[in-house]
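Below is one structure; the comments refer to it alone.
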Amino acid sequence: MTNRRQFLQTAAALTAAPLAGRASFASTHKPTSFAAVIVDSRYAEARAFGARATPLGAPVREIEGDITDLWQNELLGHWKNSRAAVVGLTERPALFLLENLAWEHGLRVVFEAEHEPAGEGNAIHNIIRSADPALALSLTASGSSWPGILADALIAGNLAPKRDFRPSSAGLATHLGEAQKLYSWIIAPRTAV
């Protein structure tokens, strides 16, 4: 049974978690190795993720659901020449298409998380593939500022992905009436993990 002291300590830790997480990720900043940060500009959360990625040195590319132009005009060239990693915050179909295209070039989804809207900019976070499952707790504790915390973790942080190369579940159809979820992900060369 939790006593008053334990409750207050836990509450204090959760309150400080977003600030501590941001500080620790910011202190480990290193030049980005991502060819692109892909965001779906139709979503405020994705735009905030991209805005935080810019000062971290990552080149942001905006889409509006359709990944075709970006794939044909930029990513295909990157992946033919260098198999460069990309990171994003998009809807499920963009992840599904990029994942399938990446397989042909020796790249895999090495990080994946689901972000379901929960009102007022908040979200329910489900880390599907990562070496740091505690990231979901940090994102939840940060409330509506989760896109910035996520960008710090994925772009500036040292988030080491698991050696898990199963295909993602991005190809599964969404349920009717389901809130539109966003997916954060990293696609990287299999040998880089």
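The values are calculated or read from the model by the stated rules, or taken from the named source; none is laboratory data. If you're wondering where the values come from, they're calculated on a predicted model, not measured in any experiment. Methodologically, a virtual Cβ is constructed for each residue, glycine included, from the backbone with ideal geometry; neighbour enumeration extends over all protein chains shown. Only protein heavy atoms, including side chains, enter the accessible area calculation; ligands, DNA and RNA are left aside. Shrake-Rupley method; radii C 1.70, N 1.55, O 1.52, S 1.80 Å.
Computed 3J(HN,Hα) for segment 92-102, one whole-Hz value per residue from the Karplus formula 6.51 cos²θ - 1.76 cosθ + 1.60 where θ = phi - 60°, is 4, x, 5, 4, 4, 5, 5, 4, 5, 5, 5, glycine and proline marked x.
Rounded, prolate or oblate, given the Cα gyration tensor of segment 30-81, with a/c below 1.5 counting as rounded? Oblate.
On full extension, the segment bounded by Leu101 and Glu74 gains 8.4 nm, given 0.36 nm per residue less the C-alpha separation. Heavy-atom accessible area for Trp103, with the other protein chains in place and a 1.4 Å probe, reaches approximately 100 Å².
Available extension along the chain between Asp66 and Arg190 is 42.1 nm, counting 0.36 nm per residue and deducting the alpha carbon span. Amide H to amide H distances under 5 Å link Ala85 with Ala35, where only residues 5 or more positions off or on other chains count and H is placed in the peptide plane. Across segment 184-189, rounded Karplus estimates of 3J(HN,Hα) from the backbone phi angles (6.51 cos²θ - 1.76 cosθ + 1.60, θ = phi - 60°) give 9, 7, 10, 10, 9, x Hz, Gly and Pro being marked x.
Each residue of segment 106-113 is assigned a 3J(HN,Hα), and the resulting list reads x, 10, 9, 6, 10, 9, 8, 9 Hz, derived from the Karplus form 6.51 cos²θ - 1.76 cosθ + 1.60 (θ = phi - 60°), x at Gly and Pro.
Of the GluC sites (Glu not before Pro) in segment 67-110, which ones lie in a loop per DSSP and count no more than 10 other C-beta atoms within 10 Å? Sites meeting the loop and neighbour criteria: Glu104.
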